[in-house]
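Some notes on the structure that comes next.
The values are calculated or read from the model by the stated rules, or taken from the named source; none is laboratory data. Quick caveat, the model's predicted, so the values are computed rather than measured. Glycine gets a Cβ as well: all are built from the backbone with ideal geometry, and neighbour counts include every protein chain shown.
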Amino acid sequence: MGYTRGLVNQERITNLLMELCATDSASRQERLMADKLKPMLSELGFAVHEDDAGSKVGGNTGNLSARLPGTSGGEPLLFSSHMDRVTPGMGVKPRIEGEYVVSDGSTILGADDAAGLAAIIEAVRVLKERNLPHPVIELGITICEEVGLLGAQHLDYSWFTAKSGFVLDSSGPVGEIVTQAPSSAKLNATFRGKAAHAGVAPEKGISAIQIAARAIAGMKLLRIDSETTANIGSIMAEGRTNIVPETCTLAAETRSLDKTKLEAQIAHMTDSMEAAAAELGGTVEVEVVRSNTGINLAADSAPVTRAQRAAESIGATPRLASTGGGSDANIFNGNGIATAVLGVGYEEIHSTRERMPVAQLAHLAEWTLAIILD
């Protein structure tokens, strides 16, 4: 590996992170971020393409696909981070506080995933400055990751030539490599009972809320086992208190690293809802949407071994990990690109306490550069 440490400009990447965090970007509202990134990438020599994913998901921006021609042999590599962030993520005012980049506390910081974007850009800047030989580098910079990986689902995968990919989007430290992530499914249910006057003749009614409550009471939820989880996200009914509710909706999810267990949990939750409806004299319609393909990369797979060697070369400790969450890597793997998720080092994400250690940010760019030069 022709890489020595110390090539990354820590001040420059820190300033870039703060610039990106200060750029408003939310799911379906990534226009300003895309317009910030496109000229940066073009100046680095990337051919940049924006697709029409925004129009497909009700947003104002598409995904960015980019390709930098290689200057040496080697297989093309794909790197990815997402442009959107969770709320409250508009009007971010980043600042340095000790060894961290933080917000002013009224918003999140947005290092999830601006830190990944900054690391990729800094790594390529070093390549160009040092005229270092590198393979073809492809980027998949996505929209709407935080609302169900919608952008990644609408990428044109025929555009990419890479067979190995790296998504910079995990809260673990630099050196952590996520090789397992769950498959998941969403369950959307509509319970139907029978309306009646709640004070005069409640016995003539069938409460849809009661059916839903009975169903939930019969379900195994939250941590099912070491590989499987399930959760009720919302239960909703509208009406007056003097009317037995005729309709109630429920939104749930389940995830598992084991596809057989996932299917068993889906069946269990569906059976619980159907049994409650039959018992109380109502009906239920259950829609099952399988949303994520799981990740199960072998320890000796190309992206994993490459990331491990690169981590060791910069003095980081490589560690393989599994996660209960999803990322764009789920979608990439499902489309034939073996993709690992890299620890970024950000902390307290999805909260106004979010912070990014400056040292981890620079280390992340070093790791990205080392992966390219492996």
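Residue-wise test of (1) under 25 Å from Ala362 (Cβ atoms); (2) in a strand (DSSP E or B); (3) of a type in the set (Gly, Ala, Ser).
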{"site": "Leu109", "(1), (2), (3)": "yes, no, no"}
{"site": "Asp113", "(1), (2), (3)": "yes, no, no"}
{"site": "Gly116", "(1), (2), (3)": "yes, no, yes"}
{"site": "Ile121", "(1), (2), (3)": "yes, no, no"}
{"site": "Arg125", "(1), (2), (3)": "yes, no, no"}
{"site": "Gly140", "(1), (2), (3)": "yes, yes, yes"}
{"site": "Thr161", "(1), (2), (3)": "no, no, no"}
{"site": "Val167", "(1), (2), (3)": "yes, yes, no"}
Answer with yes or no whether Ser207 is surrounded by 21 or more Cβ atoms within 10 Å (Cβ to Cβ), assigned by TED's automatic domain parsing to the domain that holds Leu109 and of a type in the set (S, T, N, Q). no
Picked from region 176-215 (must be without any contact (Cβ under 8 Å) to a residue 40 or more places away in the chain and among the β-branched types (Val, Ile, Thr)), the residue farthest from Ala299 (Cα to Cα) is Val200
Output the qualifying pairs, or none if there are none: Cβ atoms under 8 angstrom, residues six or more apart or on different chains, first residue in region 334-349 and without any contact (Cβ under 8 Å) to a residue 60 or more places away in the chain, second residue part of a loop (DSSP other than H, G, I, E, B) and surrounded by fewer than 24 Cβ atoms within 10 Å (Cβ to Cβ). Gly334/Thr293
Which of (1) outside any strand (DSSP E or B); (2) more than 20 Å from the chain's Cα centre (by Cα) is the odd one out, the single condition Leu262 does not satisfy? (2)
Count of region 1-57 residues which are among the aliphatic types (A, V, I, L, M) and over 21 Å from Leu150 (Cα atoms): 13
Can you spot a residue in region 93-112 that is more than 22 Å from the chain's Cα centre (by Cα), on the phi > 0 side of the Ramachandran plot and loosely packed, with under 13 Cβ neighbours inside 10 Å? yes
Return a yes/no flag: does region 20-32 have any residue that is modelled with pLDDT under 95 and out of contact with any strand residue (DSSP E or B) (no Cβ under 8 Å at 6 or more places or on another chain). no
Just give me the residues in region 278-316 being part of a loop (DSSP other than H, G, I, E, B) and farther than 22 Å from Ala338 by Cα, in sequence order. Gly281, Gly282, Ile314, Gly315, Ala316
Specify the residue that is farthest from the chain's Cα centre (by Cα); the eligible residues are those in region 334-355 that are at pLDDT 95 or above and within 13 Å of Asn296 (Cβ to Cβ). Ala338
Pair list, Cβ < 8 Å and 6+ apart or interchain, from region 229-254 residues that are assigned by TED's automatic domain parsing to the domain that holds Ala276 to residues that are crowded, with 17+ Cβ neighbours inside 10 Å and aromatic (Phe, Trp, Tyr): Thr247/Phe191; Cys248/Phe191; Thr249/Phe191; Leu250/Phe191
Examine region 266-274 for a residue that is assigned to a strand (DSSP E or B) and under 29 Å from Gly151 (Cα atoms), and state whether such a residue exists. no
